[in-house]
1. So, with +1 on the Cβ of K and R and -1 on the Cβ of D and E, and no other charges, what is the size of the charge dipole of the range 255-444 about its Cα centre, to the nearest 20 debye?
2. Spelling out what I want: for every residue of the range 405-412, take phi, set θ = phi - 60°, compute 6.51 cos²θ - 1.76 cosθ + 1.60 (Karplus), and round to whole Hz; glycine and proline get x.
3. If I take R0 = 56 Å and measure r between the Cβ atoms of Glu419 and Arg80 in this structure, what FRET efficiency does the formula 1/(1 + (r/R0)^6) give, to the nearest 0.05?
4. Which of the three applies to the range 1-111, rounded, prolate or oblate, going by the alpha-carbon gyration tensor with a ≥ b ≥ c and a/c under 1.5 meaning rounded?
5. Does a label point 7 Å from the Cα of Gln475, set along Cα-to-beta-carbon, have any residues of the range 94-134 with amide nitrogen under 17 Å, and which are they?
6. May I ask you to rank Val26, Val247 by accessible area, largest first, using a 1.4 Å probe over the protein chains only?
7. Could you give the nm distance between label points at Leu66 and Arg359, where each point is 7 Å from its Cα heading toward the beta carbon?
8. Taking only C-alpha pairs under 8 Å that are 6+ residues apart, what is the relative contact order of the chain in percent?
Amino acid sequence: MNLTYPRIGLHIDGQWIYDRPACTEVVNPSNETRLGGVPGATPEDLALALSAAERGFRVWRDTPPLQRAQVMLRACALVRERAEAIAQIITLEQGKPIADARNEVGRATAFIEWDAAEAQRLYGSIVPAGPQMQQMILKCPIGPVAAFTPWNVPLGSPARKISGALAAGCSVIIKAAEETPGTACAIAQCFIDAGLPPGVLNLVFGNPALISSTLIASPVIRMVTFTGSVAVGKHLTQLAAAVMKPVLMELGGHAPVLIGADVDATVLGRLAGSAKMRLAGQVCASPTRFIIHRKSYVAFVEAFAKVASEMRVGDGFEPGVQMGPLINDRRLQAIDTLVQDAVACGARVVAGGKRVGERGFFYAPTVLADVPAQAQAMFTEPFGPLALCIPVDDLSEAIALANSLSVGLSAYAFTNSLEEAERLTRELECGSLSINHFGMPGTDTPFGGVKESGIGREGGPQSLEAYSSTKTVLQRTTRV
Ligand SMILES: NC(=O)C1=CN([C@@H]2O[C@H](COP(=O)(O)OP(=O)(O)OC[C@H]3O[C@@H](n4cnc5c(N)ncnc54)[C@H](O)[C@@H]3O)[C@@H](O)[C@H]2O)C=CC1
Ligand SMILES: O=Cc1ccc(S(=O)(=O)O)cc1
(Lines give C-alpha, C1' and ligand atoms only; values in the text may rest on other atoms or scores of the structure.)
(Ligands and ions follow the chains in the order given, each with its own letter.)
Protein backbone atom coordinates (compact mmCIF):
# COMPACT_ATOMS: atom_id res chain seq x y z
CA MET A 1 0.00 0.00 0.00
CA ASN A 2 1.35 3.42 -0.95
CA LEU A 3 0.79 5.63 2.09
CA THR A 4 1.37 9.38 2.06
CA TYR A 5 1.88 11.36 5.23
CA PRO A 6 1.45 15.13 4.73
CA ARG A 7 3.93 17.87 5.53
CA ILE A 8 2.82 19.51 8.77
CA GLY A 9 2.33 23.27 8.83
CA LEU A 10 0.72 26.05 10.80
CA HIS A 11 -2.09 27.83 8.98
CA ILE A 12 -2.35 31.51 9.86
CA ASP A 13 -4.21 34.26 8.01
CA GLY A 14 -4.69 32.14 4.89
CA GLN A 15 -1.04 31.03 4.65
CA TRP A 16 0.65 27.72 5.40
CA ILE A 17 3.84 28.17 7.44
CA TYR A 18 6.37 25.34 7.47
CA ASP A 19 9.70 26.94 8.36
CA ARG A 20 9.64 26.84 12.13
CA PRO A 21 11.77 24.62 14.38
CA ALA A 22 10.01 21.36 15.23
CA CYS A 23 8.35 21.31 18.66
CA THR A 24 7.98 17.52 18.48
CA GLU A 25 8.06 14.53 16.14
CA VAL A 26 5.06 12.52 14.98
CA VAL A 27 5.54 8.79 15.59
CA ASN A 28 3.55 5.93 14.07
CA PRO A 29 2.38 4.12 17.24
CA SER A 30 2.17 0.77 15.41
CA ASN A 31 5.87 0.57 14.56
CA GLU A 32 7.50 3.57 16.30
CA THR A 33 8.80 5.01 13.01
CA ARG A 34 9.06 8.79 12.57
CA LEU A 35 6.41 10.30 10.31
CA GLY A 36 7.55 13.93 10.39
CA GLY A 37 8.28 17.01 12.46
CA VAL A 38 5.72 19.46 13.84
CA PRO A 39 6.56 23.17 13.44
CA GLY A 40 6.00 25.02 16.70
CA ALA A 41 4.22 28.38 16.71
CA THR A 42 6.31 31.25 18.09
CA PRO A 43 4.81 34.04 20.24
CA GLU A 44 4.87 36.18 17.05
CA ASP A 45 2.90 33.51 15.18
CA LEU A 46 0.29 33.49 17.93
CA ALA A 47 0.02 37.29 17.76
CA LEU A 48 -0.50 37.03 13.98
CA ALA A 49 -3.11 34.30 14.46
CA LEU A 50 -4.97 36.49 16.94
CA SER A 51 -5.06 39.54 14.67
CA ALA A 52 -6.06 37.34 11.72
CA ALA A 53 -8.89 35.78 13.76
CA GLU A 54 -10.10 39.24 14.73
CA ARG A 55 -10.21 40.39 11.07
CA GLY A 56 -11.60 37.03 9.93
CA PHE A 57 -14.36 37.29 12.50
CA ARG A 58 -15.62 40.61 11.12
CA VAL A 59 -15.80 39.15 7.61
CA TRP A 60 -17.42 35.86 8.62
CA ARG A 61 -19.86 37.38 11.12
CA ASP A 62 -21.31 39.46 8.28
CA THR A 63 -21.43 36.58 5.79
CA PRO A 64 -25.10 35.52 5.41
CA PRO A 65 -25.84 32.16 7.09
CA LEU A 66 -26.81 30.53 3.78
CA GLN A 67 -23.43 31.44 2.32
CA ARG A 68 -21.65 30.16 5.44
CA ALA A 69 -23.54 26.90 5.11
CA GLN A 70 -22.58 26.61 1.43
CA VAL A 71 -18.86 26.96 2.22
CA MET A 72 -19.21 24.37 4.99
CA LEU A 73 -21.00 21.94 2.69
CA ARG A 74 -18.28 22.38 0.06
CA ALA A 75 -15.71 21.56 2.76
CA CYS A 76 -17.77 18.51 3.71
CA ALA A 77 -17.85 17.34 0.08
CA LEU A 78 -14.05 17.68 -0.03
CA VAL A 79 -13.68 15.62 3.17
CA ARG A 80 -15.77 12.92 1.45
CA GLU A 81 -13.74 13.14 -1.75
CA ARG A 82 -10.51 12.80 0.25
CA ALA A 83 -11.95 10.26 2.71
CA GLU A 84 -9.53 7.44 1.97
CA ALA A 85 -6.43 9.65 2.14
CA ILE A 86 -7.63 11.20 5.41
CA ALA A 87 -8.47 7.80 6.92
CA GLN A 88 -4.95 6.61 6.06
CA ILE A 89 -3.41 9.62 7.79
CA ILE A 90 -5.53 8.86 10.89
CA THR A 91 -4.35 5.25 11.00
CA LEU A 92 -0.73 6.21 10.35
CA GLU A 93 -0.48 8.72 13.17
CA GLN A 94 -3.14 7.51 15.63
CA GLY A 95 -3.03 3.77 15.01
CA LYS A 96 -6.74 2.87 15.00
CA PRO A 97 -7.84 0.19 12.48
CA ILE A 98 -8.50 1.65 9.05
CA ALA A 99 -12.20 0.68 9.23
CA ASP A 100 -12.54 2.80 12.42
CA ALA A 101 -10.65 5.64 10.73
CA ARG A 102 -13.10 5.50 7.81
CA ASN A 103 -16.00 5.57 10.30
CA GLU A 104 -14.49 8.64 11.92
CA VAL A 105 -14.41 10.38 8.53
CA GLY A 106 -18.12 9.57 8.13
CA ARG A 107 -18.89 10.90 11.60
CA ALA A 108 -16.95 14.11 10.90
CA THR A 109 -18.89 14.78 7.69
CA ALA A 110 -22.14 14.25 9.60
CA PHE A 111 -21.06 16.89 12.17
CA ILE A 112 -20.28 19.42 9.43
CA GLU A 113 -23.57 18.77 7.62
CA TRP A 114 -25.56 19.06 10.83
CA ASP A 115 -23.98 22.37 11.81
CA ALA A 116 -24.29 23.76 8.26
CA ALA A 117 -28.02 23.12 8.52
CA GLU A 118 -28.17 24.60 12.03
CA ALA A 119 -26.41 27.75 10.71
CA GLN A 120 -29.62 28.49 8.84
CA ARG A 121 -31.82 27.99 11.90
CA LEU A 122 -30.16 30.28 14.44
CA TYR A 123 -33.46 31.99 15.08
CA GLY A 124 -33.92 34.86 17.45
CA SER A 125 -37.35 35.96 18.69
CA ILE A 126 -39.57 38.99 19.04
CA VAL A 127 -41.21 39.78 22.36
CA PRO A 128 -44.44 41.83 22.12
CA ALA A 129 -44.16 45.30 23.67
CA GLY A 130 -47.09 47.27 22.28
CA PRO A 131 -47.05 50.04 19.69
CA GLN A 132 -43.89 51.92 18.75
CA MET A 133 -41.57 49.54 20.49
CA GLN A 134 -39.89 46.42 19.15
CA GLN A 135 -38.16 43.95 21.43
CA MET A 136 -35.81 41.63 19.56
CA ILE A 137 -33.76 38.82 20.99
CA LEU A 138 -30.90 38.06 18.60
CA LYS A 139 -28.48 35.16 18.52
CA CYS A 140 -25.07 36.62 17.64
CA PRO A 141 -21.77 34.86 16.98
CA ILE A 142 -19.86 35.04 20.24
CA GLY A 143 -16.54 36.04 18.60
CA PRO A 144 -13.18 34.40 17.86
CA VAL A 145 -12.93 30.95 19.46
CA ALA A 146 -9.86 29.18 20.87
CA ALA A 147 -10.28 25.42 20.35
CA PHE A 148 -8.10 22.60 21.72
CA THR A 149 -8.56 19.05 20.42
CA PRO A 150 -7.17 15.63 21.44
CA TRP A 151 -5.31 12.84 19.62
CA ASN A 152 -7.88 10.05 20.09
CA VAL A 153 -10.47 11.47 17.66
CA PRO A 154 -8.09 13.56 15.53
CA LEU A 155 -10.69 14.29 12.85
CA GLY A 156 -14.01 14.07 14.72
CA SER A 157 -13.14 16.53 17.43
CA PRO A 158 -11.63 19.28 15.20
CA ALA A 159 -14.52 18.80 12.74
CA ARG A 160 -17.08 19.25 15.51
CA LYS A 161 -15.45 22.34 17.01
CA ILE A 162 -14.63 24.00 13.67
CA SER A 163 -18.10 23.39 12.24
CA GLY A 164 -19.91 24.58 15.40
CA ALA A 165 -17.90 27.80 15.50
CA LEU A 166 -18.12 28.51 11.77
CA ALA A 167 -21.84 27.78 11.57
CA ALA A 168 -22.50 30.29 14.34
CA GLY A 169 -20.43 32.93 12.50
CA CYS A 170 -17.26 32.76 14.61
CA SER A 171 -13.62 32.62 13.54
CA VAL A 172 -11.37 29.97 15.12
CA ILE A 173 -7.82 29.41 16.25
CA ILE A 174 -7.46 25.70 16.76
CA LYS A 175 -4.57 23.99 18.53
CA ALA A 176 -4.92 20.38 17.55
CA ALA A 177 -2.98 17.59 19.27
CA GLU A 178 0.72 17.49 18.40
CA GLU A 179 0.47 13.67 18.37
CA THR A 180 -1.92 13.72 15.37
CA PRO A 181 -1.29 16.92 13.40
CA GLY A 182 -1.57 15.42 9.90
CA THR A 183 -5.31 14.85 10.26
CA ALA A 184 -5.83 18.40 11.52
CA CYS A 185 -3.92 19.79 8.52
CA ALA A 186 -6.04 17.65 6.19
CA ILE A 187 -9.36 18.93 7.51
CA ALA A 188 -8.14 22.52 7.62
CA GLN A 189 -7.16 22.15 3.93
CA CYS A 190 -10.72 21.06 3.07
CA PHE A 191 -12.17 24.24 4.62
CA ILE A 192 -9.52 26.41 2.94
CA ASP A 193 -10.12 24.80 -0.47
CA ALA A 194 -13.88 25.29 0.05
CA GLY A 195 -13.31 29.05 -0.01
CA LEU A 196 -13.16 30.07 3.65
CA PRO A 197 -11.84 33.66 3.80
CA PRO A 198 -8.30 34.15 5.28
CA GLY A 199 -8.16 34.43 9.06
CA VAL A 200 -11.47 32.63 9.67
CA LEU A 201 -9.73 29.32 10.44
CA ASN A 202 -6.22 29.31 11.89
CA LEU A 203 -4.37 26.14 12.92
CA VAL A 204 -1.43 26.09 15.32
CA PHE A 205 0.79 23.56 17.09
CA GLY A 206 3.55 24.02 19.62
CA ASN A 207 3.94 24.30 23.36
CA PRO A 208 0.37 23.59 24.63
CA ALA A 209 0.74 25.60 27.84
CA LEU A 210 2.20 28.62 26.03
CA ILE A 211 -0.48 28.52 23.32
CA SER A 212 -3.43 28.14 25.70
CA SER A 213 -2.24 30.84 28.13
CA THR A 214 -1.54 33.28 25.28
CA LEU A 215 -4.80 32.71 23.41
CA ILE A 216 -7.09 32.61 26.43
CA ALA A 217 -5.64 35.81 27.94
CA SER A 218 -5.96 37.74 24.67
CA PRO A 219 -8.98 40.09 24.50
CA VAL A 220 -9.52 38.87 20.91
CA ILE A 221 -10.65 35.41 22.09
CA ARG A 222 -14.22 35.33 23.37
CA MET A 223 -14.78 31.64 24.06
CA VAL A 224 -12.72 28.51 24.82
CA THR A 225 -13.57 24.95 23.82
CA PHE A 226 -11.52 21.89 24.84
CA THR A 227 -11.79 18.11 24.65
CA GLY A 228 -9.31 16.18 26.77
CA SER A 229 -8.36 15.30 30.32
CA VAL A 230 -10.10 16.62 33.43
CA ALA A 231 -6.81 18.05 34.71
CA VAL A 232 -6.11 20.13 31.60
CA GLY A 233 -9.80 21.07 31.33
CA LYS A 234 -9.76 22.49 34.85
CA HIS A 235 -6.58 24.42 34.10
CA LEU A 236 -8.03 25.98 30.93
CA THR A 237 -11.31 26.76 32.72
CA GLN A 238 -9.36 28.63 35.42
CA LEU A 239 -7.49 30.62 32.76
CA ALA A 240 -10.82 31.48 31.11
CA ALA A 241 -12.52 32.37 34.40
CA ALA A 242 -9.73 34.84 35.18
CA VAL A 243 -10.80 36.84 32.11
CA MET A 244 -14.53 35.99 32.36
CA LYS A 245 -14.76 33.89 29.19
CA PRO A 246 -17.25 31.08 28.67
CA VAL A 247 -16.00 27.55 28.12
CA LEU A 248 -17.21 24.34 26.50
CA MET A 249 -15.40 21.48 28.23
CA GLU A 250 -15.75 17.86 27.08
CA LEU A 251 -13.58 15.96 29.56
CA GLY A 252 -12.90 12.48 30.83
CA GLY A 253 -15.26 9.75 31.98
CA HIS A 254 -14.97 6.31 33.55
CA ALA A 255 -18.20 4.87 32.23
CA PRO A 256 -20.14 2.40 34.36
CA VAL A 257 -21.97 -0.46 32.64
CA LEU A 258 -24.79 -1.89 34.77
CA ILE A 259 -25.70 -5.46 33.87
CA GLY A 260 -28.97 -6.68 35.34
CA ALA A 261 -30.02 -10.09 36.65
CA ASP A 262 -32.51 -10.86 33.87
CA VAL A 263 -30.30 -10.47 30.77
CA ASP A 264 -28.60 -12.93 28.40
CA ALA A 265 -25.22 -12.52 30.07
CA THR A 266 -23.29 -14.54 27.47
CA VAL A 267 -24.54 -12.45 24.57
CA LEU A 268 -23.81 -9.22 26.47
CA GLY A 269 -20.34 -10.43 27.47
CA ARG A 270 -19.53 -10.90 23.77
CA LEU A 271 -20.95 -7.49 22.89
CA ALA A 272 -18.93 -5.87 25.68
CA GLY A 273 -15.70 -7.27 24.21
CA SER A 274 -15.92 -5.28 21.00
CA ALA A 275 -17.46 -2.18 22.65
CA LYS A 276 -14.73 -1.93 25.30
CA MET A 277 -11.79 -2.50 22.95
CA ARG A 278 -13.00 -0.03 20.27
CA LEU A 279 -10.19 2.48 19.68
CA ALA A 280 -8.18 0.45 22.21
CA GLY A 281 -10.38 1.94 24.93
CA GLN A 282 -8.91 5.39 24.24
CA VAL A 283 -12.22 7.19 24.16
CA CYS A 284 -13.90 9.23 26.85
CA ALA A 285 -17.15 7.28 26.47
CA SER A 286 -15.42 3.89 26.70
CA PRO A 287 -17.38 1.38 28.85
CA THR A 288 -15.02 0.59 31.71
CA ARG A 289 -16.56 -0.33 35.08
CA PHE A 290 -18.70 -3.39 34.45
CA ILE A 291 -21.00 -3.58 37.47
CA ILE A 292 -22.73 -6.93 37.16
CA HIS A 293 -25.56 -8.55 39.09
CA ARG A 294 -24.23 -11.70 40.77
CA LYS A 295 -26.73 -13.85 38.84
CA SER A 296 -25.19 -12.74 35.52
CA TYR A 297 -21.59 -12.38 36.68
CA VAL A 298 -19.93 -15.71 35.83
CA ALA A 299 -21.43 -16.08 32.35
CA PHE A 300 -20.79 -12.42 31.50
CA VAL A 301 -17.14 -12.44 32.60
CA GLU A 302 -16.45 -15.74 30.82
CA ALA A 303 -17.86 -14.53 27.48
CA PHE A 304 -16.20 -11.10 27.82
CA ALA A 305 -12.79 -12.67 28.57
CA LYS A 306 -13.10 -15.08 25.63
CA VAL A 307 -13.79 -12.31 23.11
CA ALA A 308 -11.02 -10.11 24.55
CA SER A 309 -8.47 -12.96 24.46
CA GLU A 310 -9.29 -13.82 20.85
CA MET A 311 -9.16 -10.24 19.59
CA ARG A 312 -6.63 -9.58 16.83
CA VAL A 313 -4.28 -6.78 17.86
CA GLY A 314 -1.88 -5.13 15.42
CA ASP A 315 -1.14 -2.47 12.84
CA GLY A 316 -4.44 -0.88 11.81
CA PHE A 317 -3.63 -1.39 8.12
CA GLU A 318 -3.38 -5.18 8.46
CA PRO A 319 -6.53 -6.99 7.31
CA GLY A 320 -8.53 -8.47 10.18
CA VAL A 321 -6.95 -6.35 12.91
CA GLN A 322 -9.62 -5.37 15.47
CA MET A 323 -7.56 -3.29 17.87
CA GLY A 324 -4.58 -1.01 17.28
CA PRO A 325 -1.89 0.36 19.60
CA LEU A 326 -2.02 2.95 22.37
CA ILE A 327 -0.91 6.42 21.34
CA ASN A 328 2.50 6.34 23.03
CA ASP A 329 4.78 4.56 25.46
CA ARG A 330 3.57 6.78 28.33
CA ARG A 331 0.01 5.47 27.96
CA LEU A 332 1.32 1.89 27.70
CA GLN A 333 3.15 2.27 31.02
CA ALA A 334 0.09 3.95 32.59
CA ILE A 335 -2.17 0.99 31.70
CA ASP A 336 0.35 -1.57 32.88
CA THR A 337 0.74 0.27 36.20
CA LEU A 338 -3.06 0.22 36.71
CA VAL A 339 -3.20 -3.51 35.92
CA GLN A 340 -0.30 -4.39 38.26
CA ASP A 341 -1.82 -2.30 41.04
CA ALA A 342 -5.24 -3.96 40.65
CA VAL A 343 -3.66 -7.43 40.72
CA ALA A 344 -1.70 -6.49 43.85
CA CYS A 345 -5.03 -5.46 45.39
CA GLY A 346 -6.55 -8.88 44.62
CA ALA A 347 -8.09 -8.57 41.12
CA ARG A 348 -7.98 -11.62 38.80
CA VAL A 349 -6.64 -11.28 35.23
CA VAL A 350 -9.11 -13.18 33.02
CA ALA A 351 -7.77 -11.80 29.72
CA GLY A 352 -4.61 -9.95 28.67
CA GLY A 353 -2.72 -8.13 31.37
CA LYS A 354 0.51 -7.53 29.46
CA ARG A 355 2.21 -5.71 26.63
CA VAL A 356 2.06 -7.31 23.18
CA GLY A 357 5.26 -7.48 21.06
CA GLU A 358 8.28 -5.26 21.41
CA ARG A 359 7.74 -2.77 18.64
CA GLY A 360 4.71 -0.50 18.68
CA PHE A 361 2.67 0.49 21.72
CA PHE A 362 0.41 -2.55 21.90
CA TYR A 363 -1.29 -3.75 25.08
CA ALA A 364 -3.40 -6.89 25.20
CA PRO A 365 -7.17 -6.42 25.56
CA THR A 366 -7.44 -6.85 29.31
CA VAL A 367 -10.33 -7.95 31.49
CA LEU A 368 -9.96 -7.98 35.27
CA ALA A 369 -12.50 -9.74 37.49
CA ASP A 370 -13.34 -9.17 41.17
CA VAL A 371 -11.64 -5.78 41.18
CA PRO A 372 -11.62 -4.38 44.72
CA ALA A 373 -12.73 -0.82 45.44
CA GLN A 374 -9.27 0.29 46.52
CA ALA A 375 -7.60 -0.56 43.17
CA GLN A 376 -6.47 2.66 41.49
CA ALA A 377 -8.17 1.71 38.22
CA MET A 378 -11.54 1.89 39.99
CA PHE A 379 -11.21 5.67 40.28
CA THR A 380 -8.63 6.59 37.61
CA GLU A 381 -9.88 6.66 34.00
CA PRO A 382 -7.69 4.01 32.31
CA PHE A 383 -8.11 5.40 28.76
CA GLY A 384 -6.92 2.09 27.38
CA PRO A 385 -8.00 -1.53 26.71
CA LEU A 386 -8.74 -2.29 30.35
CA ALA A 387 -12.13 -3.50 31.62
CA LEU A 388 -12.98 -3.91 35.31
CA CYS A 389 -15.64 -6.42 36.39
CA ILE A 390 -17.32 -6.09 39.77
CA PRO A 391 -20.17 -8.27 41.11
CA VAL A 392 -23.07 -6.62 42.99
CA ASP A 393 -26.13 -7.92 44.83
CA ASP A 394 -28.77 -5.42 43.74
CA LEU A 395 -29.60 -2.31 41.77
CA SER A 396 -29.09 0.06 44.69
CA GLU A 397 -25.53 -1.16 45.17
CA ALA A 398 -24.90 -0.91 41.42
CA ILE A 399 -26.18 2.68 41.22
CA ALA A 400 -24.22 3.76 44.29
CA LEU A 401 -21.00 2.36 42.80
CA ALA A 402 -21.73 3.89 39.38
CA ASN A 403 -22.25 7.34 40.94
CA SER A 404 -19.32 7.11 43.35
CA LEU A 405 -16.77 8.96 41.18
CA SER A 406 -16.24 12.67 40.61
CA VAL A 407 -16.85 12.22 36.85
CA GLY A 408 -20.10 11.54 34.99
CA LEU A 409 -19.89 11.36 31.20
CA SER A 410 -21.37 8.22 29.61
CA ALA A 411 -23.17 5.35 31.29
CA TYR A 412 -24.59 2.10 29.93
CA ALA A 413 -27.21 -0.21 31.37
CA PHE A 414 -28.68 -3.56 30.30
CA THR A 415 -31.99 -4.70 31.70
CA ASN A 416 -35.32 -6.10 30.57
CA SER A 417 -37.18 -4.41 33.39
CA LEU A 418 -38.98 -1.16 32.57
CA GLU A 419 -39.01 -0.35 36.24
CA GLU A 420 -35.23 -0.68 36.48
CA ALA A 421 -34.73 1.33 33.30
CA GLU A 422 -36.86 4.14 34.70
CA ARG A 423 -34.92 4.18 37.97
CA LEU A 424 -31.57 4.13 36.17
CA THR A 425 -32.67 7.03 33.97
CA ARG A 426 -33.56 9.04 37.06
CA GLU A 427 -30.66 8.19 39.33
CA LEU A 428 -27.52 7.69 37.24
CA GLU A 429 -25.31 10.78 37.30
CA CYS A 430 -24.14 11.09 33.69
CA GLY A 431 -24.41 13.23 30.56
CA SER A 432 -25.64 10.36 28.40
CA LEU A 433 -27.12 6.98 29.21
CA SER A 434 -27.37 4.16 26.65
CA ILE A 435 -29.89 1.51 27.65
CA ASN A 436 -29.52 -1.97 26.10
CA HIS A 437 -26.80 -0.92 23.61
CA PHE A 438 -23.27 0.50 23.55
CA GLY A 439 -23.86 3.42 21.15
CA MET A 440 -23.03 7.04 22.01
CA PRO A 441 -24.89 10.21 20.96
CA GLY A 442 -24.55 11.01 17.24
CA THR A 443 -24.90 14.36 15.49
CA ASP A 444 -28.51 14.93 16.39
CA THR A 445 -28.32 14.55 20.18
CA PRO A 446 -26.19 16.45 22.71
CA PHE A 447 -22.97 14.98 24.11
CA GLY A 448 -21.18 16.12 27.27
CA GLY A 449 -20.80 15.43 30.95
CA VAL A 450 -21.91 16.26 34.46
CA LYS A 451 -19.71 16.76 37.54
CA GLU A 452 -16.02 16.93 36.59
CA SER A 453 -16.69 15.52 33.11
CA GLY A 454 -17.29 18.96 31.74
CA ILE A 455 -19.41 21.99 31.04
CA GLY A 456 -21.78 22.38 28.09
CA ARG A 457 -22.80 20.10 25.25
CA GLU A 458 -21.67 19.42 21.68
CA GLY A 459 -24.13 18.37 18.98
CA GLY A 460 -27.89 18.15 18.86
CA PRO A 461 -30.36 20.97 18.39
CA GLN A 462 -28.30 23.24 20.69
CA SER A 463 -24.98 22.61 18.91
CA LEU A 464 -24.42 26.33 18.16
CA GLU A 465 -25.47 27.60 21.59
CA ALA A 466 -21.94 27.65 23.03
CA TYR A 467 -20.70 29.68 20.08
CA SER A 468 -23.50 32.26 20.27
CA SER A 469 -24.37 35.11 22.59
CA THR A 470 -27.78 36.62 23.12
CA LYS A 471 -28.30 40.28 22.32
CA THR A 472 -31.51 42.00 23.37
CA VAL A 473 -32.46 44.99 21.23
CA LEU A 474 -35.24 47.34 22.39
CA GLN A 475 -36.04 49.63 19.51
CA ARG A 476 -38.46 52.54 19.70
CA THR A 477 -39.95 53.19 16.31
CA THR A 478 -40.92 56.86 16.93
CA ARG A 479 -38.92 59.68 15.32
CA VAL A 480 -36.26 61.25 17.56
N1 LIG B 1 -11.73 13.22 26.76
C2 LIG B 1 -10.89 12.91 25.80
O3 LIG B 1 -11.25 12.80 24.66
C4 LIG B 1 -9.43 12.73 26.09
C5 LIG B 1 -9.00 12.48 27.36
N6 LIG B 1 -7.69 12.30 27.62
C7 LIG B 1 -7.34 12.01 29.02
O8 LIG B 1 -6.08 12.55 29.31
C9 LIG B 1 -5.26 11.59 29.90
C10 LIG B 1 -3.84 11.86 29.59
O11 LIG B 1 -3.64 12.03 28.21
P12 LIG B 1 -2.15 12.35 27.71
O13 LIG B 1 -2.15 12.53 26.23
O14 LIG B 1 -1.25 11.33 28.23
O15 LIG B 1 -1.69 13.66 28.45
P16 LIG B 1 -2.00 15.21 28.50
O17 LIG B 1 -3.13 15.47 29.45
O18 LIG B 1 -0.69 15.77 28.80
O19 LIG B 1 -2.38 15.74 27.02
C20 LIG B 1 -3.63 15.59 26.45
C21 LIG B 1 -3.83 16.66 25.39
O22 LIG B 1 -4.02 17.91 26.04
C23 LIG B 1 -3.19 18.90 25.50
N24 LIG B 1 -2.71 19.78 26.56
C25 LIG B 1 -1.95 19.43 27.63
N26 LIG B 1 -1.69 20.53 28.39
C27 LIG B 1 -2.31 21.58 27.79
C28 LIG B 1 -2.42 22.97 28.08
N29 LIG B 1 -1.86 23.52 29.15
N30 LIG B 1 -3.14 23.73 27.22
C31 LIG B 1 -3.72 23.22 26.14
N32 LIG B 1 -3.67 21.91 25.82
C33 LIG B 1 -2.97 21.10 26.63
C34 LIG B 1 -2.02 18.18 24.84
O35 LIG B 1 -1.58 18.92 23.72
C36 LIG B 1 -2.62 16.85 24.43
O37 LIG B 1 -3.08 16.89 23.10
C38 LIG B 1 -5.79 10.27 29.37
O39 LIG B 1 -5.48 9.24 30.21
C40 LIG B 1 -7.26 10.54 29.33
O41 LIG B 1 -7.80 10.28 30.60
C42 LIG B 1 -6.75 12.38 26.66
C43 LIG B 1 -7.11 12.63 25.36
C44 LIG B 1 -8.48 12.78 24.98
O1 LIG C 1 -13.04 10.59 23.64
C2 LIG C 1 -13.83 11.46 23.70
C3 LIG C 1 -14.54 11.94 22.52
C4 LIG C 1 -15.01 11.07 21.58
C5 LIG C 1 -15.65 11.57 20.45
C6 LIG C 1 -15.79 12.91 20.32
S7 LIG C 1 -16.52 13.54 18.89
O8 LIG C 1 -17.95 13.37 19.09
O9 LIG C 1 -16.03 12.80 17.76
O10 LIG C 1 -16.18 14.96 18.83
C11 LIG C 1 -15.36 13.76 21.27
C12 LIG C 1 -14.73 13.25 22.38
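1. For this selection, approximately 540 debye.
2. 9, 7, 9, x, 9, 9, 9, 10
3. Numbers: r = 45 Å, r/R0 = 0.80.
After rounding to 0.05, the efficiency reads 0.80.
4. In terms of gyration-tensor shape, oblate.
5. 123-134
6. Values: Val26 0, Val247 30 Å².
Putting Val26, Val247 in descending order of accessible area: Val247, Val26.
7. 5.7 nm
8. 18 percent
The values are calculated or read from the model by the stated rules, or taken from the named source; none is laboratory data. Small disclaimer: the values here were computed from a predicted structure and weren't measured. All Cβ positions, glycine included, derive from the backbone under ideal geometry; neighbour counts span all protein chains shown. Areas reflect the complete protein model, heavy atoms only, side chains present, ligands, DNA and RNA absent. Shrake-Rupley method; radii C 1.70, N 1.55, O 1.52, S 1.80 Å.
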